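Heads up, the thing below is written out as structure tokens.
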Amino acid sequence: MPSVEAANAHTAEALQKGWNRFEWLLIGPDEEEMWVEISLTAFSLDGQAVLHSVVRDITAQRKAREQLRREKEFSESLLNNSVDGVMAFDAQHRITAWNKVMGLNTRKPKAEVLGKDVFDLFPQHRDGPEGEAVCKVLAGHRVTNYNLKLYERAGHFESFFVPLLNDEGAVEGGLVLIRDVTERVRLAEEATQLKLRQQQEVHSAILTTQEEERKRIAEALHNGVGQLLYATKLNLENRAGGNSSRDSALALLEEAIKATRTISFELTPGILQDFGLKSALEELVKRIPHAGLHVHLYMQGDFDGLPQQLEVSVYRIVQELLNNIIKHAKAREAFVHVVQEDGHVIISVEDDGQGFDPAQAKAEYSGIGLTSIRNRVDLLAGTLSIDSRPGRGTIVSIELRIK
């Protein structure tokens with residue numbers, strides 16, 4: 001409650017000036033607050049100074065005024081804490097709101113722009129797309145523009161122009177939100193570049209795998225069927241041996257036929273499509289001569305219904321791993337585990353061969369035949385790990401997700 005000193009000061013001011021008006025807070029018996037406006041008028045009566053007072057209850061007005069003050073502070077807090085630039089203008093293009101972000105990006109403080117015509121402050125925008133957007137907003141249209149040069153600094157910005165309506169629905173101004181999307185554009189560009197690089201890598205991996213497969217087929221034809229047919233030709237050209245020469249030629253032709261069938265099976269194993277992955281892998285292992293490498297195959301889980309691409313990839317990966325062991329590992333025994341569980345196919349191939357240094361192999365995949373395997377795994381977004389040491393054998397583990 002105002003002090004007695006304050007009341008005396010108001011009275012003295014009224015006597016001095018002839019009048020005074022001030023607001024006073026009254027506290028009722030029930031602690032209820034009531035604000036009143038007191039008007040004092042001084043006049044002389046029979047030579048004595050007299051004060052006439054009028055007391056008016058202004059509690060409702062005070063509450064409304066306080067509510068308006070809080071709402072204004074809240075609005076200003078929202079504006080100034082927004083990460084977007086925010087400005088508003090009336091029908092005469094005069095700026096009515098201007099937050100801190102606008103001030104920072106235009107280098108024009110709020111006090112300098114409020115009440116000013118936006119095109120007087122930024123004349124370069126009057127006849128550009130920015131001026132056109134302001135006119136559209138005042139005509140009642142929403143406008144979204146990308147990369148308008150409303151700021152003086154470099155970057156990428158999105159601008160949203162929204163009409164402001166009065167209680168009757170008439171347009172009385174516009175609101176502009178300017179969002180800095182420079183980082184978003186940068187990330188999008190990086191994502192696009194990454195996607196292009198990935199597509200290039202995938203394309204390169206496919207081409208590399210195809211070329212290696214062609215090279216392997218060419219070598220198989222040259223070193224296998226070609227040599228057998230050449231030996232048969234020589235044998236037929238020297239048929240002086242009679243029946244024995246004929247028998248030798250037939251044996252060589254039989255070997256050529258077997259080699260041709262083997263190559264055909266390796267290219268397109270019909271058993272894979274007809275009987276599934278389990279039967280195809282069993283047949284693959286069966287075709288490896290035990291004298292060269294003894295292979296143990298263990299399969300666990302349900303392999304029926306696997307996607308065709310995954311089924312073919314699993315078969316080719318196991319086939320290539322076994323070829324690598326035969327060509328490079330100098331192993332006597334190999335163990336192949338293929339497991340389907342929890343939506344994944346897990347392949348593990350272990351041999352007792354001479355092993356190698358994985359760090360060196362990573363730099364020279366083609367030298368030990370791992371390129372096509374890694375390419376297949378990468379294309380299927382799988383994982384590959386190699387555990388090997390010289391003289392200790394090798395374990396290759398691969399995990400592929402069933403999509």
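Just so you know, all these numbers are worked out from the coordinates, no wet-lab data involved. Quick caveat, the model's predicted, so the values are computed rather than measured. In this analysis, Cβ positions are derived from the backbone assuming ideal geometry, glycine residues included, and neighbour counts consider all displayed protein chains.
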Item checked: Among the listed pairs 116/136; 110/136; 63/100; 233/258; 72/100; 17/72, those beyond 23 Å (Cα-Cα) -> 110/136; 63/100; 17/72
Margin query: List the GluC sites (Glu not before Pro) within segment 9-107 that DSSP assigns to loop and that have no more than 14 neighbouring Cβ atoms inside 10 Å.
Written below: 31, 32
Next item on the list: Putting +1 on Lys and Arg Cβ atoms and -1 on Asp and Glu Cβ atoms, find which of 79, 372, 232 reaches farthest to the positive end of the dipole of the chain.
Entry: 232
Check: In degrees, nearest 10, range 0 to 90: what is the angle between the Cα axis of helix 277-286 and the longest Cα principal axis of the chain?
Finding: 40
Note to self: Under 8 Å for C-alpha pairs, at least 6 residues apart: give me the relative contact order for segment 81-180, rounded to a whole percent.
What the structure shows: 29
Checklist line | Cα-centre dipole for the chain with unit charges at Cβ (Lys and Arg positive, Asp and Glu negative), debye to 20 | finding: 1660
Check: Taking H as built 1.01 Å from N, whose amide H comes closer than 5 Å to the amide H of residue 157, not counting residues under 5 places away?
Finding: 147, 148, 181
Notebook entry, point to check: Could you give the angle, 0 to 90 degrees to the nearest 10, between helix 59-81's Cα long axis and the longest principal axis of the Cα atoms of the chain?
Noted result: 30
Next item on the list: Would you mind counting up the charge near residue 143? Only other residues with Cβ under 13 Å from its Cβ, with Lys and Arg at +1 and Asp and Glu at -1.
Entry: -1
Item checked: Contour excess over end-to-end distance, with Cα ends at residue 300 and residue 5 and 0.36 nm allotted per residue -> 96.6 nm
Item checked: Calculated volume of the Cα convex hull per residue in Å³ (choose from (1) 349; (2) 141; (3) 208), label -> (1)
Next item on the list: Using a Gaussian network model of the chain whose springs link C-alpha atoms within less than 10 Å, name the residue from 55, 113, 101 with the highest mean-square fluctuation.
Entry: 55
Note to self: Compute the angle between helix 243-267 and the longest alpha-carbon principal axis of the chain, please, reported from 0 to 90 degrees and rounded to the nearest 10.
What the structure shows: 10
Check: In sequence order, what are the phi-derived ³J(HN,Hα) couplings for segment 98-107 according to the Karplus relation 6.51 cos²θ - 1.76 cosθ + 1.60 with θ = phi - 60°, rounded to whole Hz, with x for glycine and proline?
Finding: 7, 8, 5, 4, 4, x, 5, 7, 9, 6
Notebook entry, point to check: Which far-off residues, 5 or more places away or on another chain, put their amide H under 5 Å from the one on residue 84, with H placed in the peptide plane?
Noted result: none
